[in-house]
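Heads up, the thing below is written out as structure tokens.
The values are calculated or read from the model by the stated rules, or taken from the named source; none is laboratory data. What you see is a predicted model; the values in this text were computed from it and never measured. Counting neighbours? That spans all protein chains shown, and the Cβs are built from the backbone with ideal geometry, glycine included. Calculation scope for accessible area: heavy atoms of the full protein, side chains included, ligands and nucleic acids excluded. Shrake-Rupley method; radii C 1.70, N 1.55, O 1.52, S 1.80 Å.
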Amino acid sequence: MKTLAAILLTCAAALPAGAQQTVEIQEWKVPWENSRPRDPYVAPDGTVWFVGQRGNYAATLDPKTGQFRRFELEAGTYPHNLVVDRDGSVWYAGNAAAHIGKLDAKTGKITKYPMPDPAARDPHTLMFDGKGNIWFTVQGGNFVGRLNQGSGEVKLLPVPTARSRPYGIAQDSKGRIWFNEFGSNRVAAVDPATMALKEYTLPAAEARGRRIAVTSDDAVWYVDHDRGYLARLDPASGKVREWAAPGGASSRPYAMTVDDRDRLWFVETGVQPNRLVGFDPKTEKFFGVTPIGSGGGAVRHMVFHRPTREIWFGTDANTVGRARLP
């Protein structure tokens, strides 16, 4: 166990006219160098869990003390993402080892749930559906999947579009599961009752949605990583609206989340330092553009923690970060 002082990095950038809000960003340097800490998730007790993709570990951060604790995973696991359930069990994606693992934080015991199809070689991003299941994408294998937390049963759905690279994943109020197809200009949805999969073709052939979020009106939002846009898909009509990111065509928007006021947040990774950007759908304006003090390298995924109104993220600069929203 190690304790490190938090590096407080509060930065402000030029905001759009009339926008006076700023975002406080704090980062903690992870003690295991070059381990690519990523995809933090806040447990029920307030502990922040994350994976070290290059370091083959899961770890915790106590934001109050700056104390870290590491749990070793098998060599070659290369964990990509994790989520923590209400009982405190940690579920991670064994991205290079074709399984989803369950870590008992009290004992360190790991239970593995292998993919039933060898083609599903790389479980990617996980999410709970609130009904006892974990849904996940399989990027290279070209699947979306569902793991029943009780029985351990895994069901896989192949994506019709070849090499579609299923990536970010989110759920709407009706329980439908939405995901990006980062290898194509499509977004897809799964009806969990029927397991029917529907693809939505985006109007720009070059569009490449990488992360996805759903607002309370069930509008589906995504960041177009390759073209530098934030976009909104209306599932009823299939209509898409786009807003050019502040950083322009080379901004490479990547990590994305939505807060409790239906404001979208994403990180521009094509600029250095990376920048956190807010967008208010009510005003259709960007705000709170804030550089990430460590530089970020690339912020790949982030989550909004509703009880504290904080966004948590990991960086390729080997930090775990927190943004306190205005």
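The table for this structure:
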quantity	calculated
Residue of Ala196, Ala219, Ala244 that the Gaussian network model of the chain assigns the largest fluctuation, springs spanning Cα pairs under 10 Å	Ala196
Proximal lysines relative to Lys106, as straight alpha-carbon distance under 30 Å, when same-chain residues fewer than 8 apart are discounted	Lys2, Lys29, Lys64, Lys131, Lys155
Projected-area average for region 58-99 over all orientations - Cα convex hull basis, square nanometres	3.5 nm²
Net +/- balance of residues flanking Ser89 in space, Cβ distance below 14 Å, scoring K and R +1, D and E -1	+1
Residue-wise HN-Hα coupling along region 128-144, computed from phi with Karplus coefficients 6.51, -1.76, 1.60 (Hz; x: Gly, Pro)	7, 9, x, 10, x, 10, 10, 9, 7, 9, 10, 5, x, x, 6, 10, 10
Computed Kirkwood radius, in angstrom, where 1/r is averaged over Cα pairs of region 82-123	10.6 Å
Share of Cα-Cα pairs in region 233-326 lying beyond 21 Å, as whole percent	31 percent
Whole-percent carbon and sulfur share, accessible surface of the chain, 1.4 Å	47 percent
The chain: most fluctuating residue of Ser216, Ser173, Ser237 per GNM, C-alpha cutoff 10 Å	Ser237
From phi via Karplus (6.51, -1.76, 1.60), per-residue ³J(HN,Hα) for region 50-66 in Hz, x at Gly/Pro	7, 10, x, 4, 7, x, 6, 8, 10, 8, 10, 10, 8, x, 6, 10, x
Where GluC sites (Glu not before Pro) fall in DSSP loop in region 243-319, at most 14 other Cβ within 10 Å	Glu284
Diffusion constant of region 48-154 at 10 °C, which comes from Stokes-Einstein with the Kirkwood Cα-pair radius and 1.306 mPa s, µm²/s	115 µm²/s
The chain: most fluctuating residue of Arg165, Arg263, Arg86 per GNM, C-alpha cutoff 10 Å	Arg86
Student exercise, the chain dipole from Lys, Arg, Asp, Glu Cβ charges, in Debye to nearest 20	260 debye
Value of Rg/Rh across region 117-219 [Cα atoms, Kirkwood radius]	0.95
Dmax and Rg, reported as Rg then Dmax, of region 233-272 (C-alpha, Å)	12.3, 38
From phi via Karplus (6.51, -1.76, 1.60), per-residue ³J(HN,Hα) for region 209-216 in Hz, x at Gly/Pro	x, 10, 10, 9, 8, 10, 8, 5
Rg in Å to one decimal, and Dmax rounded to a whole Å, for the chain via C-alpha atoms	18.5, 54
Accessible surface, per residue, of region 95-217 when the full set of protein chains is kept, probe 1.4 Å, Å²	42 Å²
